[in-house]
1. Can you pull the one-decimal nm distance between simple spin-label points at residue A:382 and residue B:36, each 7 Å off the Cα toward Cβ?
2. Spin-label point model (7 Å from Cα, Cβ direction): what's the residue B:2 to residue B:150 distance in nm?
3. Compare the peptides A:70-81, A:343-354 by average per-residue count of other Cβ atoms within 10 angstrom and give them in order, highest first.
4. Please label the shape of the range A:352-487 as rounded, prolate or oblate, based on the square roots a ≥ b ≥ c of the eigenvalues of the alpha-carbon gyration tensor (a/c under 1.5 means rounded; beyond that, a/b larger than b/c means prolate, else oblate).
5. When a/c is below 1.5 the answer is rounded, else prolate if a/b is larger than b/c, else oblate, so apply that to the protein assembly as shown with a ≥ b ≥ c taken from the square roots of the Cα gyration tensor eigenvalues.
6. Helix A:273-284: angle to the longest alpha-carbon principal axis of chain A, degrees 0 to 90, nearest 10?
7. With runs of 4+ DSSP H residues as the only contributors, calculate the mean residue ellipticity of chain B at 222 nm using -39,500 (n - 2.57) per run, divided by the residue total and rounded to the nearest 500.
8. Return, ordered by residue number, the residues of the range A:638-671 whose backbone nitrogen is under 16 Å from a label point located 7 Å along Cα→Cβ of residue A:391.
């Protein structure tokens, strides 16, 4: 056991992830050497994960408000008004490092943490998603990681009882040593019953709720703010262990507690557990907090103050209680078999005072712990951009064969193997299941209102051009929501990057954030919550810049949404938002990578004005019931879009011979495009409307038959396409057993 | 007709079930907490799905020994209609109300997908709105749905017509013996099934095939008399 009075050496400071100048700042702030518990508290509050010290300057530039935004970044989750006195509460957060070290528990507790962020605010979770990036499929660790992460997400979400309705899974060697596990959750609350972390009132009881405190996860947030090396396996004890059963009980108990009127402020214990939650509640409310650790429910013996303050044991909450309601509150937690302990009180001295065995083990200024955290304006350089492909550089391949290759490739094959392990139907409100552009979930049983959810980012675009890649991630989410007919409301961003102390990595971050900001402004699509994960590097090699974006859209009537599947024979197929030559941007395309083994060229440009004009036009058509199928063009280009629409329905299509090189037309990844179908009789009217709206709309083919014919290319049976599409994932994962 | 839903901590499909019962019966089901000693008067008692006590021990084992179960066993013996779905099925087998046991899925993974169920008998209080031999769509969502019974028990329940629902058209997703998806007790008033008919009751959920099971539950005296 480490005594509280241990001398603080430079090694100890370094082990806590604090730089010498940061330690000097601590000395200046408190005017004496800190105790070990105090050092631990500072390291927890000032690490990158909790303090956003490298990213804050740039995050401030993002648009965070809008007519529907009730709460932007800075709380446990963002809150957006969806009418009828209801709000959607949502956030996405990374659990990358823990998931690489211990994939099942790392991913499971990632889901648990994000669900708590949502229900801490008084919202009942209604949907979850996740964005996953793994290394090269052939890398020896990849199968094990995929298997563990997917099982962990399912294991937690299924037991908790939230439908996991969507997400992404990608593979690339740049994630070999550092996978990404980004978990999203959304819940519904009443707009006048949203709970915040800001404490109010002096001398009020601070109550500990939920599971007991153990030694798991001590130092987790500091671990998550460091690069990986070969000693990473030694960090397994810093990964927390999830208990979805307790979380489900905690959800029900918290919602009952909130309904009882006993809660003044509430905060979940996430990264750096008791420390972050208590400081946050006090600092936001301009109050001090006094905690007596002897009263904290523990599941291990002889825990020190240091361990208790830094434990990341899961399924715990801290709240400020209305003392008049203590009996009611305690009875609720007794009913659910959860701990309920008054562990401290709010004070008026703005100190964060920690007692253990009757002695003061920490006494720190609470505001400064949060507000005085170091903030860096890190040097950055404009990221180098690969040259655009030469105009005559159009590597050829048989169109039909190339399409078969693409739809059976690791990044484009069916994700059924993944989402069938997630309960995506629980709660009975899932209207559009995983596998489409966006999931659609009904808000209340028996009422028409719904929400659409989508998560996207294209890391290879972000690597080639972080600014365009940032724009593209936001635009693609907006596009996917639009496909269903939803009004895109707001996003949450999960910014995964390498070591920000390297100017080229910082440059990726800065430019990506600028791109995200530009797209959010142009599309009126504000950022209401988010998370930054830096230091995603192993042996000095960074991941691809991966600013994952998850968005929420409002669907006034779930019976009037569109789907990607063709809905009948002999319907007109139209391409919206494309130039007259259909498209042709092959740089950074999956065609180049999967068919020719090339990862070069420039990222596609996103014209945000055209994006908005086209999307608004498509959405209006969906809501008017004019379209029988809608799907956006993304990875793999037009050919993959058409194949997906065919496979989802079993209906084939005949596509005209394009006006340009068919490789460009069918596999170019130009942005802002949608494929739509409609009855022949409605074509003239919709064409005229498009012309009036200034939206490009081209007739490219007709549905029907059992094969997909792309211009002059040989016909592909839809059944053969589907068989190839479904084959890769299960075959790949079977090899593990 | 009145219905009741038994609640154990960790169950999570009670709201889905309540919706189905309410829509079929026109009445809100009573929610009965596991620490109660008596279930209020009800014509239909349902143990819904979820993960009671986290399924950290054998699925359903702890819930089966809860205080409320004594009254459930009593009422089942008295002929009240009892339905257990998913974890509810596991709890009813653990409580000895139904034969056999549910093991880990043969594929060792949780599976959420649509299956097809064949109705073996239409002359039961659970399936009167289906035709004998009819196949209908219903989703499953479970990790431990692999039905097993020893050969003697299996021969008996097959012989006595206790196998009510079978996975059809190659949709046995968990390795269940004889494709068994749902079994009755000898008296025919208790049904346990792994699939979730309560998630297939609305066109927005992709179909209404499951709703007739709930309509059957509340078919009522008028229909029986007819």
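1. 7.1
2. So the label points at residue B:2 and residue B:150 sit 4.1 nm apart.
3. Working: A:70-81: 22.3, A:343-354: 20.3.
Put in order of decreasing packing, that is A:70-81, A:343-354.
4. Numbers: a/c = 2.60, a/b = 1.37, b/c = 1.89.
It is oblate, given that a/c is not under 1.5 and a/b is not larger than b/c.
5. Numbers: a/c = 1.76, a/b = 1.03, b/c = 1.70.
Cα axes put the protein assembly as shown in the oblate bin.
6. Taking Cα atoms only, the helix is inclined about 90 degrees.
7. Details: 6 runs with 52 residues, N = 226.
The helix-only estimate for chain B comes to -6500 deg cm²/dmol at 222 nm.
8. Under cut-off, by backbone N: A:660-661.
Read-outs: derived from the displayed coordinates by stated rules, not from any lab. Source: prediction; values computed, not measured. Cβ atoms come from the backbone with ideal geometry, glycine included; neighbour counts cover every protein chain shown.
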